[in-house]
Amino acid sequence: TRCPIMLQMRKSDVKSATVKVIWKDLPEGSDVHFTSKEVTEVNWDDLTGFISDAQTHIVTKQNKEVARDVVSVEMTGPHCENLTLIDLPGIVRSH
């Protein structure tokens, strides 16, 4: 990952998710807003693409390889436990 991803899972009868950006270092200029993406059972397969879009938006607007800004994923469903996980960025280099 190129920025932290915070996954907040909550038990619910309804399967849904929201992907949004939480800015820690708000970039200068206009057009930095990332529209929250809503996921339901109908478009559940789009979830990973929305997460990738949020990461790309952050690193593009920050003009950095790795950023402090957070991709927040709030997920509910009968399969979820009440749990929050944070995936921190890592750097892998190969020569």
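The values are calculated or read from the model by the stated rules, or taken from the named source; none is laboratory data. Because the structure is predicted, anything quoted here is derived from the model rather than measured. Cβ: placed from backbone, ideal geometry, glycine included. Neighbour counts: every protein chain shown. Surface areas here come from the heavy atoms of the whole protein model, side chains and all, with no ligands, DNA or RNA. Shrake-Rupley method; radii C 1.70, N 1.55, O 1.52, S 1.80 Å.
There is at least one residue in the stretch 16-38 that is surrounded by fewer than 16 Cβ atoms within 10 Å (Cβ to Cβ), in contact (Cβ under 8 Å) with a residue 60 or more places away in the chain and not hydrophobic (A, V, I, L, M, F, W, C). Figure legend. Inter-residue proximity from the stretch 43-69: first residues assigned to a loop (DSSP other than H, G, I, E, B) and surrounded by 13 or more Cβ atoms within 10 Å (Cβ to Cβ), second residues at pLDDT 90 or above and of a type in the set (Phe, Trp, Tyr), beta-carbon distance below 7 Å, spacing 6+ or different chains. Indicated pairs: Asp69/Trp23. Conditions first: (1) under 20 Å from Asp87 (Cα atoms); (2) touching a strand residue (DSSP E or B) at 6+ places or on another chain (Cβ under 7 Å); (3) among the charged types (D, E, K, R). Lys15 passes all but one, so which condition is the exception? Result: Lys15 passes all but (1).
One residue stands out among those in the stretch 1-25 that are out of contact with any Leu (no Cβ under 9 Å at 6 or more places or on another chain) and over 19 Å from Thr35 (Cα atoms): the one that is modelled with the lowest pLDDT, which is Arg2. Within the stretch 1-15, the set of residues being open to solvent by 40 Å² or more (accessible area, probe 1.4 Å) and touching a helix residue (DSSP H, G or I) at 6+ places or on another chain (Cβ under 6 Å) comprises Arg2 only. For Arg10, the test of being in contact (Cβ under 8 Å) with a residue 60 or more places away in the chain and part of a loop (DSSP other than H, G, I, E, B) is failed.
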